[in-house]
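Inspection log for the structure reproduced underneath, given as C-alpha cells.
The values are calculated or read from the model by the stated rules, or taken from the named source; none is laboratory data. A quick note: this is a predicted structure, and the numbers were derived from the prediction, not measured. Don't worry about glycine lacking a Cβ; one is built from the backbone with ideal geometry, like all the others, and counts go over all protein chains shown.
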Amino acid sequence: MLKRILLLFTILFLTFLLPAEARVYIDINAPTFVQIPIVLPKWKPVDNTPPTLSAKAYEILKNDLSLSGFFRVIDYSRLPTQLQSKEGIPSTLFLQEWMPAGGEILLAGETFLESNGLRLRLKFHLIDLVEQKHLVGKEYEGPLQSLRTMVHRIADEVILQITGERGVHNTKIAYAAFQGENKEIFIADFDGADIKQITQNRSINLSPTWTPDNKKIAFTSYLKRNPDVYLIDVDGKNLQRFAYYAGLNASPSWSPDGKQIALMLGMEGKSDIYLIDVKGNNPKKLTKSHGNEASPTWSPDGQRIAFVSDRSGSPQIYVMSKDGSDVRRLSYEGSYNTNPSWSPKGDQIAFCGRVGGRFEIFSIGTDGTGLQRLTSNSGNNESPCWSPDGRYIAFSSNRMGWSKIFIMNANGFNQRPLTQSKGGESSPSWSKRFE
Amino acid sequence: MIKKSLSIIILIMCLGLILTGCPKKTVIKEEPSVKKAEELAPERERPAKLEAERAAKETKEVELARIKEEESKRALAEKELAAERERAARLEAERKEKEARELARLKEEEAKRALAEKELAAERERVARLEAERKERETKELARLKEEEAKRALAEKALQAEKERAAKLEAEWAIKEKELKAKEEEAKRALAEKEKEFEKSLVVKKYPGIEGEVLESKLIKDIHFNFDKYDIRPGDAEILKENAARLTKHPSVKIQVEGHCDERGTIEYNLALGERRANNTKQYLISLGIAPDRISSISYGRERPLDPGHNEEAWAKNRRAHTIILSK
C-alpha cells in the first residue's frame, strides 16, 4: 500500500550512514498493490572511471528493481529533458527540481574505479520525494568482478528501506536444463545473469536442491545407471555420490537445522519418504501407505514434512510430523496435486495442481484454507519453489512453447522468465542469501 | 464137425446106461426102519396079578402082533411098491428133466448161436458203421483240410496283402519320417535361426552419461499403461508372457525393466510412478518364472520419452515399461 508522501525538502548529503527508519511502503501480501515509481537518474563515473562501467552498474540496478516487482522504474531516458543530463549524487538536492520526474522515490549513485583498476566503490542515496526525507545513503567497496554483487546489495538495501525486509538479489537459482538430449544442472543469479553450468556429465541430472550452507547442490543423476543422489560444489567440483540405495533416490530436502534429509527412496519397490542423516546413512522410512510417495518438503520449524501421496487414488498433498505420524491430507481440490513447497514463513504451501488438463501453481494455508491459484491460462506451470524471503515463487512454465524458469511474486503478480536462454529448463531451487 | 457130433452121441448113450441101473440101490435102504418097530414090544410086559391078563393079553398081543406084523409086511410091500413106483416116477421125472434140460440147453445153445450170430451181425453192422463213420470222418477231415487249405491260402493271400500294405505304409512312413525329420530340422534351423534372430535383433544401446553398454531387442516388447496408472493391462500381460517365454529360452540373459511416463505431471511424482511401473512389470515376469536375480528395474520418470510429441498419441506411447538387456 502506497503511503502518502509529502514534498518539498532539501537534503544535504554529508553522511552516508545516516540511520534510516525502515518504513513499510508497500504490503506485498495485499491482493493488489501498486508499484512505486522510482526515479533513476544516470550514475556518474567519478574521475577516470570508464563510463561503460557506470552504465553497467546502472543497468544491473535498474533491472534488479524492476525484477523485484515493487517498482516502476523511471530511468533517465524517460525523464524530462532538463533532468536527463543530470547524473550522480548532487551535492545539494532541490526536490522541486525532481517533481516533474513523476516518481515518489529518488535513487542516485556514483561509480568510482580506483586508479589501479582493481578496486571499485559504489555509492548511492535514496530519497523519499514525497515525504521529503533522506532514507539511506551507503558506499560499497570491492574487487571489480564483484560489481554485480555490490549492485545487488544496493537493490536489497533499497527494498529493505521500502518494504521493511531485505531483498533477495543476492540469491541464486539452481535448475536443470537440456543440453542436447541430456539434462545438466545450472545456476543463475536471481536476475538471470551469470549462468553457470555445474555438471557436464551428459547424463540425466534432475531436481537440484541447495544444501543449507549454500555451498553444494544435491541432485539426482543416472551416472551409474540408477537414479542416485549426488552432491556437487557450486563451482562444479567435488562430485560425490551421496544416496544410492537400490531403486529410486530422489528429491532430497534438508531439514532447517541441516541434520536430516527427507527424500524419496524406492528400496522396497515403490517410492516412499525416508529420512537419512547428513552422511546419507541410516534410512528411516516415514510413510506407511501402499501408495507412491514423493517430493518431501520441510516446514521451517523443522517439525513437519509435506509430501505427495497417491494413497487416495490420485496424487494429493499431505502433511505429516517428522516421525511419520499425524498424517493429514491438505489438498482436496482437483485430482492431481504434486510438488509441494513449504514457504519460509511457514504459513503456506505452494504446489502444482492440474486444472482442466493444465498444470497450474497454487498456494494454500498449512491449515488447508486460503487456496489461491497463482497461474492461469499460460501453459503448464510446475515445480514451485519459494525465495528465502517468501516473497517470490520460482517455477517452470512452458507458456513460451518450451519449458523455462519463471519467477513471480508470491501472489502471482509480475511473472517473468528468469533467463533469456532458449529453454528446456525445469525444477528451480532457490538458494539462501549469499552474504 | 464130425467129431463134435460123435461126442454128442456118446454122451447120450452114457446117459441111458446111468438111467437104467439106478432103482436096486433104493430097496436096500428101507430095512432098518422095520427092525426098530419089532424091538418096542417086549418093553410093555407087567407083574403077576396081571399075569393072566397079561398072558391073555400076551396071546392076544401076540396075535395082534402077528396081524400087525403081517399088516406091516403088507404095508411094507405096499410101501416098497410105492417107493418103487415113486423111484420110477422120479427117474422118469429125472429123465424128463434131463431131456428138458438138454432141450433147454440146446435151445440155449441155439439161442446163444443166434445171439452170436446176432452179435456178429451187430458187430458187422458196427464195423460197417464205424467204417462209414471213418469214411465220413475222413471225408469231413478231407473237407476240413481242403477248407483249411483254402483258408490258409486265403490267409496267405491276406498276409501277403497285409505285408504289401505294411511295406507300403512303411515306405510312406519312412517318407513321412523323412519329411518330419526335415521339418524338425527345419524347425531346429528355424529355432536356431530364431535364436540367431534374437542374437541378430540385439542392438547396442549406449545411453550417454549412463554407465555401461546395454542391448535392446525388438523381440522383447514394451508394455503400456494408462495415465497415472501402474497396473498391467490384460493385453500387456500377454506381451509379458511372450517376453518371459523368450527369456526362458535364453536363461543367461539379464534384463532391466525401465519404467517410463508421459510428460504430464511433475518430474518427481513421475519418477515414483515409473518406479512402480517398472517394479510391477518385474514382479509380473518373476511370477512367470523368471529368476528375480535376472531382473532389475529402474525408473526414468518422464525423462526419456519415445515420442517427443505433445498429444495423447505420443503420451500413450511414452507411458511404457521398456526392457533392455544388461548382459547376454
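Are any residues in the range B:296-310 farther than 20 Å from B:K206 by Cβ and either of a type in the set (F, W, Y) or surrounded by fewer than 16 Cβ atoms within 10 Å (Cβ to Cβ) (or both), and if so, which ones?
B:D307, B:G309, B:H310
Can you tell me which residues in the range B:121-145 are basic (K, R) and over 33 Å from the mean Cα position of the chain (by Cα)?
If the condition is that a residue be basic (K, R) and over 33 Å from the mean Cα position of the chain (by Cα), then B:R124, B:R126, B:R129, B:R134, B:K135 are the ones that fit.
From the residues in the range A:390-431 that are in contact with an Asp or Glu (Cβ under 6 Å, 6 or more places away or on another chain) and in contact (Cβ under 8 Å) with a residue 40 or more places away in the chain, which one is surrounded by the fewest Cβ atoms within 10 Å (Cβ to Cβ)?
In this case the residue turns out to be A:I405.
Restricting attention to the range A:248-264, report how many residues are among the aromatic types (F, W, Y) and either touching a helix residue (DSSP H, G or I) at 6+ places or on another chain (Cβ under 9 Å) or within 14 Å of chain B (Cβ to nearest Cβ) (or both).
Here the count works out to 0.
I'd like to know if the range A:318-336 contains one or more residues that are without any contact (Cβ under 8 Å) to a residue 40 or more places away in the chain, within 11 Å of another protein chain (Cβ to nearest Cβ) and touching a Pro at 6+ places or on another chain (Cβ under 6 Å).
For the range A:318-336, residues without any contact (Cβ under 8 Å) to a residue 40 or more places away in the chain, within 11 Å of another protein chain (Cβ to nearest Cβ) and touching a Pro at 6+ places or on another chain (Cβ under 6 Å): present.
Filtering the range B:311-320 down to residues that are out of contact with any His (no Cβ under 7 Å at 6 or more places or on another chain) and surrounded by 15 or more Cβ atoms within 10 Å (Cβ to Cβ), which residue is nearest to the other protein chains (Cβ to nearest Cβ)?
Of everything passing the filter in the range B:311-320, B:W315 is nearest to the other protein chains (Cβ to nearest Cβ).
Here's a check for you: in the range A:333-347, which residue that is more than 15 Å from A:A394 (Cα to Cα) and in a strand (DSSP E or B) is farthest from the chain's Cα centre (by Cα)?
So, considering only residues that are more than 15 Å from A:A394 (Cα to Cα) and in a strand (DSSP E or B), the one farthest from the chain's Cα centre (by Cα) is A:N337.
Given the range A:89-169, what strands (runs of 3 or more DSSP E) lie entirely inside it while holding 3 or more residues that are closer than 19 Å to A:K44 by Cα, charged (D, E, K, R) and touching an Asp or Glu at 6+ places or on another chain (Cβ under 7 Å)?
Ranges flagged: A:119-128.
So for the range A:207-220 (the condition being in a loop (DSSP other than H, G, I, E, B), surrounded by 17 or more Cβ atoms within 10 Å (Cβ to Cβ), within 13 Å of chain B (Cβ to nearest Cβ) and touching a strand residue (DSSP E or B) at 6+ places or on another chain (Cβ under 7 Å)), does at least one residue qualify?
For the range A:207-220, residues in a loop (DSSP other than H, G, I, E, B), surrounded by 17 or more Cβ atoms within 10 Å (Cβ to Cβ), within 13 Å of chain B (Cβ to nearest Cβ) and touching a strand residue (DSSP E or B) at 6+ places or on another chain (Cβ under 7 Å): absent.
Would it be correct to say that B:E303 is charged (D, E, K, R), on the phi < 0 side of the Ramachandran plot, assigned to a strand (DSSP E or B) and within 13 Å of chain A (Cβ to nearest Cβ)?
No.
If a residue has to be at the interface with another protein chain (Cβ under 9 Å from one of its Cβ atoms), among the small types (G, A, S) and part of a helix (DSSP H, G or I) to count, how many in the range B:240-277 make the cut?
Counting residues in the range B:240-277 that are at the interface with another protein chain (Cβ under 9 Å from one of its Cβ atoms), among the small types (G, A, S) and part of a helix (DSSP H, G or I) gives 2.
Is it the case that some residue within the range A:295-307 is in contact (Cβ under 8 Å) with a residue 60 or more places away in the chain, in contact with a strand residue (DSSP E or B) (Cβ under 6 Å, 6 or more places away or on another chain) and farther than 12 Å from A:Y318 by Cβ?
Looking through the range A:295-307, at least one residue is in contact (Cβ under 8 Å) with a residue 60 or more places away in the chain, in contact with a strand residue (DSSP E or B) (Cβ under 6 Å, 6 or more places away or on another chain) and farther than 12 Å from A:Y318 by Cβ.
Inside the range A:170-199, can you point out the residues that are assigned to a loop (DSSP other than H, G, I, E, B), within 20 Å of A:E59 (Cα to Cα) and touching an Asp or Glu at 6+ places or on another chain (Cβ under 7 Å)?
Across the range A:170-199, the qualifying residues are A:N170, A:D191.
Based on this model, can you work out whether A:E435 counts as part of a loop (DSSP other than H, G, I, E, B), in contact (Cβ under 8 Å) with a residue 24 or more places away in the chain and not assigned by TED's automatic domain parsing to the domain that holds A:M264?
Here the answer is yes, as A:E435 does meet what is asked.
Report, by residue number, each residue of the range A:271-282 that is surrounded by fewer than 23 Cβ atoms within 10 Å (Cβ to Cβ) and closer than 22 Å to A:D310 by Cα.
Scanning the range A:271-282 gives a single hit, A:L275.
Could you please tell me which pairs satisfy a Cβ distance under 6 Å, a separation of 6+ or placement on different chains, a first residue in the range B:203-232 that is away from chain A (no Cβ under 13 Å), and a second residue that is of a type in the set (S, T, Y)?
B:S217/B:S201; B:K218/B:S201; B:L219/B:S201; B:I220/B:T323; B:I232/B:Y284
Considering only residues of the range B:266-295 that are crowded, with 24+ Cβ neighbours inside 10 Å and of a type in the set (S, T, Y), which is farthest from A:G353 (Cα to Cα)?
If we take residues in the range B:266-295 being crowded, with 24+ Cβ neighbours inside 10 Å and of a type in the set (S, T, Y), then B:T281 is farthest from A:G353 (Cα to Cα).
Which ones in the range A:378-389 are over 13 Å from the mean Cα position of the chain (by Cα) and either surrounded by 24 or more Cβ atoms within 10 Å (Cβ to Cβ) or free of Cβ contacts under 8 Å to residues at least 12 places away in the same chain (or both)?
Of everything in the range A:378-389, those that are over 13 Å from the mean Cα position of the chain (by Cα) and either surrounded by 24 or more Cβ atoms within 10 Å (Cβ to Cβ) or free of Cβ contacts under 8 Å to residues at least 12 places away in the same chain (or both) turn out to be A:N381, A:E382, A:S383.
Which count do you get for residues in the range A:173-206 that are within 11 Å of chain B (Cβ to nearest Cβ), basic (K, R) and within 23 Å of A:P417 (Cα to Cα)?
1
For A:R72, are the conditions met, namely being closer than 20 Å to A:A155 by Cβ, of a type in the set (K, R) and in contact with a strand residue (DSSP E or B) (Cβ under 6 Å, 6 or more places away or on another chain)?
Here the answer is yes, as A:R72 does meet what is asked.
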